[in-house]
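Below is one structure, written out as structure tokens, with a few remarks after it.
The values are calculated or read from the model by the stated rules, or taken from the named source; none is laboratory data. The shown structure was predicted, so the numbers you read here are calculated from the model rather than taken from an experiment. Using ideal geometry, Cβ is built from the backbone for each residue, glycine included, and neighbour counts are taken over all protein chains shown. Accessible surface areas use protein heavy atoms only, side chains included; no ligands, DNA or RNA. Shrake-Rupley method; radii C 1.70, N 1.55, O 1.52, S 1.80 Å.
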Amino acid sequence: MSGSVRRGLGVVLGAAILVGAAACGGGGFSGEGSSGASTGSVRMLVNITPNLTKGYWEQLVKPFEEANPGVDVKIEAPSGQGVKDTLPQLLAAGNAPDVVETLMADKTLAPQMLDLTDQAWTKDTPLAEQAALDGKVYTVGVGQQAQSLVFYNKAAFTKAGITEPPKTLDELTAAMAKLKAAGYLPLQTAGDYVTGLQLLQLSDPSVASAHPDWYQQVKAKQLTVGQTMLPLLQRYESWIKSGYVDKNALGLDDVNAQTNFLSGKSAMYVMGSWFVRTADQAKPAFDLGVFAAPTEAGQAAPGPQGVTMAAPYMVLKSTKQRDLAVKLVQWLVTDEKAVQSQLSQDGNFRKGYTDKLSPLGKQVQDILDQAPKHVAQGEGYGANTLPQGFNTEWNKAVQSLYIGKNAKEVAATIDSWMGSKS
């Protein structure tokens, strides 16, 4: 299995050293949870996908179990539609797991989670500070997902006479005109979640450049989402009218959209860094590149990069195996081989882990490294959040541009929804 953990003495010794270090200190928990025994079972609720199978998770934690005789990490798959649905059910039933993967702490979940702020090892994990709530660390992650990326067909750019990737949104629009004239669909999109997500991904650099405290300003009603997104909505509306995106894109799912792009029918595809794994496996006939989403004219380029935490973990406050659960999470996000396995398996990134990256993956890591700032996106995380459900409402609003609404109407719709949540 690609990205699977390699077993062996080195892995076991590495885990043993880490666990020994974790046992030596790192801060207290002020009576939270029950410390538990040094052996026993630790239940971990995880996300299950075609990449992240239950078998993968079981192989991932095996070195930890081997380094801790008598410890059994029980991998639990969601019983509902996903972890987000399953965890509240388990909490309500008084049957919560010890560790949960996939979710990040918010105002609702944080009271149920162990405060890891005093654990020194959390400080060097990706986005721990940005994901903190009221200065407290509840969520730690394995890596990052870059969001504001534009994958492109280099052969299409050459045929269209485009010599370098666009740095501004004006340049991007001009490139689309050239690509259409060269016989390509300039920008690939789709229905489902893709429509709204792509526009959020494109918005991150310009919005964060113009309004570094955008989330706080929206929360304080100094700005509205519609007000700040209107220029991009108007631009997107013009792309639809100009045929730079398919007017019938809402009938296309993400898989077929990716196929269209990777088969050379379209020239650009806005998507997060997880697309690298798909592209590498597809082995397209053309040279594939990626550039950071452009900024508005007059803004520095590259701009801030939209970034989300990859493989986030939290420990439940109700755990009866607090010390073991914390050791497990520490190992999952700091052990070199465990981290590398998770990054490889789901196409995620982390500074310092570049040896196993493909050429396309290295381009993404360079974009992450060169970004002046990493910022939240959409509903966000930590102190930078919008009301739950925003991503869904935004997606519906953006899709209405395809069925007769104009940009000002879409901006008003999203502001009305935001107003109903205040």
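In sequence order, region 125-132 has phi-based couplings of 8, x, 6, 4, 5, 5, 8, 5 Hz under the Karplus curve 6.51 cos²θ - 1.76 cosθ + 1.60, θ = phi - 60°, and Gly or Pro positions carry x. Per residue, the accessible area of region 109-206 comes to 35 Å², computed with a 1.4 Å probe over protein heavy atoms only.
Across ALA249, ALA175, ALA297, mean-square fluctuation computed from a Gaussian network of the chain (C-alpha pairs under 10 Å connected) peaks at ALA297. Assuming a ≥ b ≥ c are the square roots of the Cα gyration tensor eigenvalues, decide whether region 40-80 counts as rounded (a/c under 1.5), prolate (otherwise, with a/b larger than b/c) or oblate. Note, shape of region 40-80 comes out oblate. Once you have a ≥ b ≥ c as the square roots of the Cα gyration tensor eigenvalues for region 318-422, tell me rounded if a/c is under 1.5, and otherwise prolate or oblate according to whether a/b is larger than b/c. Oblate shape, in that a/c is at least 1.5 and b/c is the bigger or equal ratio. Think of the chain as a dipole: +1 on every Lys or Arg Cβ, -1 on every Asp or Glu Cβ, centred on the Cα centre; then among GLY419, VAL326, ALA279, ALA279 lies furthest on the positive end. What is the diffusion coefficient of the chain in µm²/s, taking the Kirkwood radius over Cα pairs and the Stokes-Einstein relation at 37 °C with a viscosity of 0.692 mPa s? Estimated via Stokes-Einstein, D reaches 145 µm²/s. Each Lys and Arg contributes +1 and each Asp and Glu -1, all at the Cβ; summed about the Cα centre of the chain, the dipole is approximately 580 debye. Pairs of Cα atoms nearer than 8 Å and 6+ residues apart set the relative contact order; for the chain it is 27 percent. Taking 11 Å as the cut-off, no amide N atom of region 223-247 comes nearer than this to a point 7 Å along the Cα-to-beta-carbon line of ASN406. Once backbone amide H atoms are built at 1.01 Å from N, GLY40 has VAL71, ASP72 as its partners under 5 Å, excluding neighbours fewer than 5 places away on the same chain. Rg/Rh, computed from the Cα trace of region 162-249 with Rh as the Kirkwood radius, has the value 1.02. In the context of the full protein assembly, LEU91 retains an accessible surface of approximately 50 Å², using a probe radius of 1.4 Å and ignoring ligands and nucleic acids. Ligands, DNA and RNA are left out, and with a 1.4 angstrom probe the accessible area of region 249-320 is 36 Å² per residue.
Shape summary: region 276-348 maps onto an equivalent ellipsoid whose semi-axes, from the alpha-carbon gyration tensor, are 35, 20, 9 Å in decreasing order. Summing +1 for each Lys or Arg and -1 for each Asp or Glu among the other residues whose beta-carbon sits under 14 angstrom from that of TYR193 gives -4.
Dipole magnitude for region 55-209: about 880 debye, using +1 per Lys or Arg Cβ and -1 per Asp or Glu Cβ, origin at the Cα centre. A cut-off of 5 Å between modelled amide H atoms, ignoring neighbours fewer than 5 places along the same chain, links TYR138 with LEU116, LEU133. Along the charge dipole of region 177-272, Cβ charges K/R +1 and D/E -1, which of LEU230, TYR269, GLN201 sits furthest on the positive end? Farthest towards the positive pole: LEU230. For ALA190, the residues whose amide H sits under 5 Å from its own are THR195, ignoring neighbours fewer than 5 places away on the same chain, with H placed 1.01 Å from N.
Rounded to a whole number, what % of the accessible area of region 302-413 do carbon and sulfur atoms account for, probe 1.4 Å? Ligands and nucleic acids excluded, carbon and sulfur reach 47 percent. Working note: Karplus 6.51/-1.76/1.60 with θ = phi - 60° gives region 278-291 the couplings 4, 5, 5, 5, 6, 6, x, 6, 10, 6, 9, x, 8, 9 Hz, where Gly and Pro are set to x. Summarising the label geometry, the points placed 7 Å from Cα in the beta-carbon direction at ASP192 and GLN217 lie 3.4 nm from one another. Using a probe of 1.4 angstrom and keeping all protein chains present, the accessible surface of region 347-393 works out to 47 square angstrom per residue.
Here the accessible area is traced with a 1.4 Å probe on the protein chains. For region 166-216, carbon and sulfur cover 57 percent of it.
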